[in-house]
Amino acid sequence: DSMEGYPESVKFLHNNAGWNHAAPLLSDIIYVKEEYRAAVENVLEPYLNYYVVNNLEEGLQAVHLLDENKKGKANFFLLDKFGSFEAQHQPQDTIPALSVVEIDGKYADLARHLLGNVFIAENDDALRNSNGSVVLEKTGKYVKGKYSLTGGSVGLFEGKKIGRAKNLEKLAEEILSQESVVNALKETIQSHHNDVIAYNEQLKENAIRQTQADINNLTNLVFSLQNKIENLYHLEETSTHRVNDLQQQLDTNHSEIASTRTLLEEFNTRLKDLTEKVQLGEQDYALAEQEYNTATTGFNDANLHFAKQQSKIASLKQEFEFKSNQLNDLKLQIESSNVQLSEAAASITETSEKLSGLEQLVITMLHDKEAEEKKLNEADQAYYNLRNELAEKESELRLKHKSKEGIDTLLNEIKDKLTDLKLQLAGMKERLNVEFKVDLDEIIDEPRTTDTPLEELKEKNERQRKRLENIGEINPTAIEAYTEMKKRYDFILEQKNDLVTARESLMQTIQEVEATANQQFLDTFNQVRENFQKVFKALFTEDDTADMIMVDPENLADTAIDIVAKPKGKRPSSIGQLSGGEKTLTATALLFAIYLIKPAPFCILDEVDAPLDDANVGKFTQMIKKFSENSQFIIVTHNKMTMSAVDVIYGVTMQEAGVSKLVPVDFRSLN
């Protein structure tokens, strides 16, 4: 169930599992007999979209959901709040509305509250003795309240909203009954078919054909019943959509009819005055016309004879000149044709000579081509032989390169090892020189001067080495490293202070920019809002209202803006519920509201007036004329009223297939 035609809030609650979404609408729980539906619907119309909930908690739960998701408002009946009901006196010649209504027992108190004092009358006599009760006319023609009377013509689709769910249940029951009929027919068909099989040999051929025809008719009947069932489903859906559309059109037509009637009365008064003046003028004109006709009859006869003679003379002169011109043209054509004939003969002779020479040249070139092709084939063969030899040489060369790369790799490894040994030796020399002040080159060839055993020297050396390890390494470059680190620390500290200062300055600048941008945005928004309200009333009426509302005024940079438009007589919860023309006028009003902030020299509008009717097109063109004093408007349109109000029209036509042509028409010179 798509809930087509219902408000956005009702659709949202119907599909939301955050509350008792199985709660029904009032229109779904009431079933009214068909002949009284239009009358009862006139009374219950304001309440048909109310949800029926068990208690206040369920209603508040749904209200909180609507508020959290910004889905508008909904109405609810609280079943636990309906108690006893006091019935009033029934007017004469009426029947209670509750007698034509079917409703489940749990909703009986709600039905008595809504329809307990509502009665249905067969004629107008019951209106005079209603005793404060609500009296309905059977077909829905009027509704009589205690102090009010509402009525008029009954729409074609009135009475289709109420009892939607009950109607579906009735249809389902009817479908089940029809399916039982279909099944019975199928069983009859099967029994007849079995009879045909059993008595096929005994029956005559004509009887068999008759039975088969009966079977076919029954089968067709089954298919037709299935099609009717499907059509009933489809008819219900289309009727619901059609009712909503017609209701909107009816409201629009009522407002247009009221304004048109006022204009019609004014035009009728003016027409009567002008008719009297025209009659007097026609009488004077008839007398003058009789005198003028008598005087001009004789003149016209003489003038007609004279004109005939003049026309004959003029036609003879024109024919003579035409024949003379034709003769001269023919002589000139003959002379030019002779010249062209002689030139063509000379050209043919010259062309034939050139053609013979070209034929000889082509034959010679064909012979040369064969010889050159032979040479080319021999050269190709030699090229491919050399190419094969070159490929063999290249493969040998690649093998040589691979072996050379292997040798180079081995040589580099040997060089690397030699370099490492030299570095180790240099490191040992440097360590002996720095740590022990010993020059290895000087003492390497000196003899030993002590008799201390080598083991003792090694043990002593090991003790000294451990002491040095315990003391730790001495870094002779520590002072230089400290100086370098201090310089770097001072540099980094200075950079940090610069960054902190720059950050503070940047944050201050950002705050100033945000404050300025927010203030400019707020000023511009207020100007656009004021302009939108003025332009909206100019395009609609002074009684219509529109507004622009910021969703999050505290966050101007990211806030969304809601557009609210409420034409007179409507209470839409969103712009999506407006008609196509109203949406277009609202969008146009917003566009011009922004335009008024800073008018552009050129504005291009592409078929903006397509959804508008004639009255709204007139308002649209008046608005364009007003703004065209400061800007030039380029409008793409198919509307004749818009075309009649512009200064210049540029029509695009296609006189030839695929070739467009521009046809301008300037009305300013005519004005």
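Points worth noting:
- Positive minus negative residues near Phe223 (Lys, Arg vs Asp, Glu; Cβ under 12 Å): +1
- Most simply put, segment 599-671 has about 60% antiparallel DSSP beta bridges, counting only bridges with both residues inside it.
- Degrees between helix 164-198 axis and first principal axis of the chain (Cα, 0 to 90, nearest 10): 90 degrees
- Qualifying GluC sites (Glu not before Pro) for segment 453-493 [loop in DSSP, other Cβ within 10 Å: at most 15]: Glu473
- Most simply put, the chain has about 65% antiparallel DSSP beta bridges, counting only bridges with both residues inside it.
- Reducing segment 124-152 and segment 306-355 to their Cα centroids gives an inter-centroid distance of 96 Å.
- Burial order of peptide ranges 625-638, 368-381 (average beta-carbon count within 10 Å, highest first): 625-638, 368-381
- By other beta-carbon atoms within 10 Å, ranking Met623, Met507 with the fewest at the front produces Met507, Met623.
- Among the GluC sites (Glu not before Pro) found in segment 60-145, those both in a DSSP coil and sparsely packed, with 16 or fewer other Cβ atoms within 10 Å of their Cβ, are Glu86, Glu122.
- Calculated FRET efficiency, Ser352 to Gln326, Cβ-Cβ distance, R0 = 51 Å: about 0.85 to the nearest 0.05.
- Centroid-to-centroid, using Cα positions, segment 3-73 and segment 530-568 are 29 Å apart.
- Helix 205-435 axis, angle to the chain major axis (alpha carbon atoms, nearest 10°): 10 degrees
- Convex hull volume of segment 224-355 per residue (C-alpha atoms, cubic angstrom): 563 Å³
- For semi-axes √(5λ) of the Cα gyration tensor in Å, calculated from these coordinates, the label among [x] 89, 66, 46; [y] 40, 32, 25; [z] 43, 27, 26: [x]
- Low-density loop cleavage sites - trypsin sites (Lys or Arg not before Pro) in segment 77-149, where at most 13 other Cβ are within 10 Å (DSSP): Lys146
- Cα centroid separation, segment 569-626 to segment 93-108 (Å): 49 Å
- Ranked by how many other beta carbons lie within 10 Å on average, peptides 51-60, 186-195 from highest: 51-60, 186-195
- Listed pairs Lys138/Lys583; Lys71/Lys566; Lys71/Lys598; Lys138/Lys568 exceeding 28 Å between Cα atoms: Lys138/Lys583; Lys71/Lys598; Lys138/Lys568
- The peptide list 407-414, 24-31, put in order of mean Cβ contacts within 10 Å with the highest first, becomes 24-31, 407-414.
No lab work stands behind these numbers, since they all come straight from the coordinates. Since the structure is predicted, the reported quantities are computational estimates derived from the model, not experimental observations. Here the Cβ is made from the backbone with ideal geometry for all residues, glycine too, and neighbour counts use every protein chain on show.
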